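Following: one structure in structure tokens, then a few remarks.
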Amino acid sequence: MNFETGLEPISEILGPSLKAGSKAPSADLFSTTLTTPARLHRTFRSALGAGQLPLVVIPGEFDLDDFFATVATYYPSQSPLTAHVYVLGKDVVKCFDSTQSNVVPDGRGLNRSQTARLGACLGETALAAINSVDGVLNPSYSTCKRSLSYTLARTVALYPSFDANQAADRWDRLRRLTGLPVSQVAVRAVRIVHAAASNGSARPDEGVIAEQLRSALETHMAAPNAGDVLQHVILEHYPGLRGIVSEIDGPFDARMNVFMKAVEEIQRATRGSETDSLAVGYFCNRILPGSFAHGKVLTRLVEFFPSALVWYGAFCSTSPSFDARNFGNGLFAKLGRDISQPFSFAQRPQCDLSLDELEVLMRAPVRTDAIKPIQQRIAAVALLPGIDVLSRFIPNEDSPSGKEPPSIKSGVYDERLTRATQLLDDAASLLHDLQSGRERITPPVSNSKRQRKR
């Protein structure tokens, strides 16, 4: 599809302002007839969509704050605009090619590198579940779709040349903006897995793990039968494991004891939190490769090896025995379907709003009817075009400082409130009857002194 491009002020993009022109110009000494030229924004329209909103807008000077604030102030009925138009800032505009509206993944689907990222997703969500209310260790489809690992996998599928670290930063911004916790331990491990799966093209922070181990990880993620290379480097870091590791492939009933011996040796000869967690995750997978069946063991060790669950998931999904189609009742198959979905700038967005617009709108009190979220208290937020994440959304009227919504006052709460009200009415009636009785009965004079003494 070929776009019709143009440079337009916001009044041409959205129509006449609802608040403009309501008053005649004043004739006092401080009035002026000077006007500043309207800022122009680059627009991309469909040739078949005459009279409709453009499909893509790049704000003038990439000033997203001014653009979204103007829309919210003067065109409130069209806010949030990113539910209908792709508004691209300086960092996101790299995703857009005006000569090619369709973005089609390479079709490889769940290749080894993508499987490694989704494997890290298992550990990331399991690690987050430790401190959750329900504490369910087995990750669900919905929690995986909200994870950083899935976001990176989808970003790589749609935009291979885009800096996925920027996608990770935007994911982090969304979590903090909506008050959701962010585990820096998990984020760091996920970024290292992503860098290794990208063949080193996306380097995380240097010095987290040794260069030799980083190189072995890249080899492991690239080749299905390269486990010996990684194990060799791990044994160089922990020489005391050489006599233990030969037993890990022995009888299954004895493998857990062997694993615990390995854990003790890794803790004794520590090489740093991240390297220790990597080694523990690697040997945990050796108990029953490709199963992710021993995550509960690692939850008991999370104080000493905080990111071991993330590494366990990554090594699980890159095991030769791992079955992506049948794992988790088809969990990987469905996630693989999602990351491989094509995307087109020629179609309207499917989200409630973008992250950039949400950041601007949340600087002032936000109401539900302004955002119109996909579900109550849950909004679909676009981190990048085509990458929508369901996130918790608590509007101003539902915040703890606001009024309690009427929907909460139902069920058992209504019954208790009604009962308490009846008891108060009965008590007030009884007090009234007692007071009336005292007024009718006049106490004898002879007893007045006796009553005062009491």
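The values are calculated or read from the model by the stated rules, or taken from the named source; none is laboratory data. The shown structure was predicted, so the numbers you read here are calculated from the model rather than taken from an experiment. Cβ coordinates were reconstructed from backbone atoms using ideal geometry, including for glycine residues, and neighbour counts include every protein chain displayed. Only protein heavy atoms, including side chains, enter the accessible area calculation; ligands, DNA and RNA are left aside. Shrake-Rupley method; radii C 1.70, N 1.55, O 1.52, S 1.80 Å.
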Amide H of Ser344 versus every other amide H placed in the peptide plane: which residues, excluding those fewer than 5 positions away on the same chain, fall under 5 Å? Val103
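Could the peptides 354-360, 302-308, 92-98, 146-152 be put in order, highest first, of the mean number of other beta-carbon atoms found within 10 Å of their residues? All intermediate terms of the calculation are to be shown ahead of the outcome.
Values: 354-360: 23.1, 302-308: 20.9, 92-98: 16.4, 146-152: 25.7.
Most protected by this proxy first, the peptides run 146-152, 354-360, 302-308, 92-98.
Report the equivalent ellipsoid semi-axes for the range 269-312 in whole Å, largest first, defined as the square roots of five times the eigenvalues of the gyration tensor built from alpha carbon atoms.
Details: eigenvalues 57, 24, 10 Å².
Semi-axes from the Cα gyration tensor: 17, 11, 7 Å.
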Evaluate the distance, in nm, between pseudo-label points positioned 7 Å from the Cα of Phe252 and of Ile130 along their respective Cα→Cβ axes. 2.7
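Stretched out fully, how many nm does the piece from Leu180 to Leu288 gain, at 0.36 nm a residue minus the Cα gap?
On the way: separation 108, 0.36 × 108 = 38.88 nm, distance 3.35 nm.
So the extension gain works out to 35.5 nm.
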When the Karplus curve 6.51 cos²θ - 1.76 cosθ + 1.60 is applied with θ = phi - 60°, which whole-Hz ³J(HN,Hα) does each residue of the range 90-97 get, with x for Gly and Pro? 5, 7, 8, 4, 5, 6, 9, 10
Largest to smallest principal axis extent of the C-alpha atoms in the range 58-189, angstrom: 47, 36, 23
How far apart, in nm, are two points set 7 Å out from the Cα along the Cα-to-Cβ line at Gln376 and at Asn225? 5.7
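With a/c under 1.5 counting as rounded, go ahead and sort the range 80-127 into rounded, prolate or oblate using the C-alpha gyration tensor (a ≥ b ≥ c being the square roots of the eigenvalues; past the cut-off, prolate if a/b is larger than b/c, else oblate).
Values: a/c = 2.99, a/b = 1.64, b/c = 1.82.
Oblate is the answer for the range 80-127, as a/c is 1.5 or above yet b/c matches or exceeds a/b.
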How high is the relative contact order of the range 202-357, in percent, counting Cα pairs under 8 Å that sit 6 or more residues apart? 16
Given a 1.4 angstrom probe, what's the average accessible area per residue across the range 153-263, in square angstrom? 45
Going by amide H atoms built from the backbone, whose H comes under 5 Å of the H on Val389, apart from near neighbours? Val381, Ala382, Leu383
Provide the descending list of Cα extents for the range 282-393 along its principal axes, expressed in whole angstroms. 52, 36, 21
Can you give me the % of accessible surface on the range 141-292 that is carbon or sulfur? Probe 1.4 Å, all protein chains present, nothing else counted. 52
Virtual spin-label span in nm between Thr73 and Gln166, 7 Å along Cα→Cβ: 2.8
Highest first, please rank the peptides 154-167, 236-249 by the mean number of other Cβ atoms sitting within 10 Å of their residues. 154-167, 236-249
Over the range 269-384, what is the relative contact order in percent, taking alpha-carbon pairs closer than 8 angstrom and at least six residues apart? 20
Computed over the range 277-324, protein heavy atoms only, probe 1.4 angstrom, the accessible area per residue in square angstrom equals 30
